[in-house]
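J.: The structure follows.
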Amino acid sequence: MTEPLGWIPINPGVEPDNLWIVSATGNPRFPYRIEIRRGGRREVVLWAQDRWPGGGKQIFCIREGEPDGSSQEFEELERVRIVHLERAGKQLSVILDRPTRKRCSFLFLTRRYRNKPGTYEQIFFRTQQGMQQHRSGARVELSGHGAYRVVVDSAERYPWSFGGVPTERRQLPAGDYACEIDHELVAVAERKTFENLMGDIGKMQVLHAKLADLERWRHAALVIEAEYRDFLNPKKLNGYYSPAHLARVLGELHVIHPGIQIVYAGSRKSGEQWCQGWFAARARLHHRDRRDLRDGTGGAAVSGATEPGDPPTDAGAVVSEAGDSGQEIRACILSSPQLPRPFAFGDLRRRFPAVADSHIRAVLNELRRAGRLTTSGRGRGTRWHVSGGS
């Protein structure tokens, strides 16, 4: 038997919150079982054709299933703490607490059958080197087009232009510009020139209050039409503030308002272009999430079948988990006694560990638009309330 790959010895008595556990399955086609735990709960369990991808390669995986309902014994080979675990759309990124072979990701793809209705799932286990060498390395993740409208605050003087994108002027609840889709504000942006921000720094409590209001929105940005170095240039500061003081102020803005993307665009034109690119990407993601919700894919597994030419699965040993159409998530949100009232996003994620975060958010937003949900708090403290409930 090969020696354990990890540099941290296996110690079943040590249970960090996030764990990477590899075991031997005894299955000739999928000999390794990879279990990823987040907060002590299973995030995902996969059976893989190898325990770590070789140089420039990616490994085919399938989800764990127990068709006969019986438990199985596995031989644990390694147990390593996970220092970073992030789900972004179709990709789950992992960084392990060891000096080598520590960065990897899992790509979850939902494909449509060519000759029959329905979808199936493909899962690929990749390392950083493999992603760099893959021919799709320069391809954007959010392809296609997403229709949206830009709302410009009625108080904005000399507004940015957005090239061919429909615009409308009206009072905004926060920010100077907003990306609107079907009468919903998807993202908001506050614009500041060098002079604007310098004036606001003289009234820090007011500035923090404005940014806190902006931060209530899930997708918010502060776009500054200046370079960061401009705020450290004594000639530009004209003796009003020292560069050291400005460095401290700008650092605190990032720390106190982590929910806002702060961008030093450098000029009016660059700020305009950055904001349009950001709104367009936000619109594409919004439309993709809504399409996944409608089609019932949403990044969840749908079938264990594979298309001709795909690596064969051992249906007698492993099957994929059933897909989620959104109905189960809705039912859990609206009526499950196991879900806390009010609940946090993490509570729902733990109930549906195999479903992409974007799909869960799409269900939440759909219910909020329908008036079935309301929210309180912001950032990680956001809590969701069922209308008419506690």
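J.: Please pick out the residue among G271, G266 that is touching an Asp or Glu at 6+ places or on another chain (Cβ under 9 Å), within 17 Å of E190 (Cβ to Cβ) and assigned to a helix (DSSP H, G or I).
T.: Of the residues listed, the single one that is touching an Asp or Glu at 6+ places or on another chain (Cβ under 9 Å), within 17 Å of E190 (Cβ to Cβ) and assigned to a helix (DSSP H, G or I) is G271.
J.: So, one more: Being part of a loop (DSSP other than H, G, I, E, B) and either surrounded by 13 or more Cβ atoms within 10 Å (Cβ to Cβ) or within 27 Å of the chain's Cα centre (by Cα) (or both) is true for just one of E156, E190. Which residue is that?
T.: E156
Residue-by-condition table, conditions (1) modelled with pLDDT under 70; (2) in contact with a Ser or Thr (Cβ under 7 Å, 6 or more places away or on another chain); (3) of a type outside the set (A, V, I, L, M, F, W, C); (4) in a strand (DSSP E or B):
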residue: Q122; (1), (2), (3), (4): no, no, yes, yes
residue: R126; (1), (2), (3), (4): no, yes, yes, yes
residue: Q129; (1), (2), (3), (4): yes, no, yes, no
residue: V140; (1), (2), (3), (4): yes, no, no, no
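J.: Tell me which of these L107 doesn't satisfy, since it passes every other one: (1) modelled with pLDDT of 85 or more; (2) over 16 Å from L46 (Cβ atoms).
T.: (2)
J.: Continuing with the same structure: I'd like to check something: does segment 203-217 contain any residue that is of a type in the set (A, V, I, L, M) and in contact with a Lys or Arg (Cβ under 7 Å, 6 or more places away or on another chain)?
T.: Step one: filter segment 203-217 for residues of a type in the set (A, V, I, L, M), giving 204, 206-207, 209, 211-212, 214.
Narrowing further to those that are in contact with a Lys or Arg (Cβ under 7 Å, 6 or more places away or on another chain): none.
No, segment 203-217 contains no residue that is of a type in the set (A, V, I, L, M) and in contact with a Lys or Arg (Cβ under 7 Å, 6 or more places away or on another chain).
J.: If you don't mind, there's one more thing I want to ask. In the set R169, R149, R229, which member is basic (K, R), surrounded by 16 or more Cβ atoms within 10 Å (Cβ to Cβ) and either at pLDDT 90 or above or in contact with a Cys (Cβ under 8 Å, 6 or more places away or on another chain) (or both)?
T.: R149
J.: For segment 232-253, how many residues are surrounded by 12 or more Cβ atoms within 10 Å (Cβ to Cβ) and among the small types (G, A, S)?
T.: Residues that pass the stated criteria total 2.
J.: Select from segment 254-278 the residues that are among the small types (G, A, S) and under 21 Å from the mean Cα position of the chain (by Cα) and write down the one among them that is surrounded by the most Cβ atoms within 10 Å (Cβ to Cβ).
T.: As a first pass, look at segment 254-278 and keep what is among the small types (G, A, S): 259, 265-267, 270-271, 277.
When the remaining residues are screened for being under 21 Å from the mean Cα position of the chain (by Cα), the result is 259, 277.
On the way: G259: 16, G277: 10.
Ranking the candidates gives G259 first.
The values are calculated or read from the model by the stated rules, or taken from the named source; none is laboratory data. Please read all numbers here as calculations on a predicted model, not as lab measurements. FYI the Cβ positions are ideal-geometry reconstructions off the backbone, even for glycines, and counts take in every protein chain you see.
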